[in-house]
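Worksheet for the structure shown next.
The values are calculated or read from the model by the stated rules, or taken from the named source; none is laboratory data. Values in this document were obtained by computation on a predicted structure and should not be read as measured data. Reconstructed Cβ throughout: ideal geometry from the backbone, glycine too, with neighbour counts over all protein chains shown.
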Amino acid sequence: MPRPKQERKIDSPPLMQGFKPFGIPRNALESVILQYDEYEAIRLLDYDGLNQEQASERMNVSRPTLTRIYENARRTIAKALIEGKMIMIEGGNVQFNKMWFRCRKCHKLIDGMENHVKCSDCKNFSVDELIPINK
């Protein structure tokens with residue numbers, strides 16, 4: 001029996017829930033799933049410019065595991081670009097650094113229920129309108 005996967009540490013979820021190709025209605029698209037740990041590997045290596053050793057320490061995984069996560073992320077993104085598929089960012093065996101929520105009305109990312117204030121986008125002040133970002 002294989003060893004259980006260790007949770008990958010993620011600083012924060014992405015601001016968006018995914019991407020879709022321009023000019024194609026959402027209901028006409030197939031989607032691919034980019035997991036949170038794959039998103040984090042892309043963010044740390046390509047956006048923040050960390051080397052693999054630094055990124056693996058931040059995510060609490062080994063360097064070879066980070067390489068596998070990164071390769072899967074690149075394949076998923078390439079498939080979406082080449083085949084014109086929507087990318088949904090969700091799921092995976094991850095642990096966020098704190099509780100994150102997304103407002104159901106304006107879809108803004110909120111780092112804790114106490115930090116959701118009335119905004120011009122949603123005009124919402126109700127805690128029950130927040131959905132937790134989970135695995």
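For region 84-103, the tally of residues that are of a type in the set (Lys, Arg) and under 13 Å from the mean Cα position of the chain (by Cα) stands at 1. Can you say whether GLU57 is farther than 17 Å from ILE10 by Cβ and in a helix (DSSP H, G or I), as far as the supplied structure shows? The answer is no for GLU57.
Filtering region 63-83 to residues that are exposed (fewer than 14 other Cβ atoms within 10 Å of the Cβ) and not basic (Lys, Arg) leaves PRO64, GLU71, ALA78, LEU81, ILE82, GLU83.
Every residue, every condition in (1) within 24 Å of GLN6 (Cα to Cα); (2) assigned by TED's automatic domain parsing to the domain that holds GLN6; (3) more than 15 Å from the chain's Cα centre (by Cα), yes or no:
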| residue | (1), (2), (3) |
| --- | --- |
| VAL61 | yes, yes, yes |
| LEU66 | yes, yes, yes |
| ALA73 | yes, yes, no |
| ALA78 | no, yes, yes |
| ILE82 | no, yes, yes |
| LYS105 | no, no, yes |
| ASP111 | yes, no, no |
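If you scan region 76-96, which residues turn out to be part of a helix (DSSP H, G or I) and among the charged types (D, E, K, R)? LYS79, GLU83 - these are the residues of region 76-96 that are part of a helix (DSSP H, G or I) and among the charged types (D, E, K, R). Taken across region 3-26, residues that are without any contact (Cβ under 8 Å) to a residue 24 or more places away in the chain and either in the same structural domain as CYS106 (by TED's automatic domain parsing) or assigned to a helix (DSSP H, G or I) (or both) do not occur at all.
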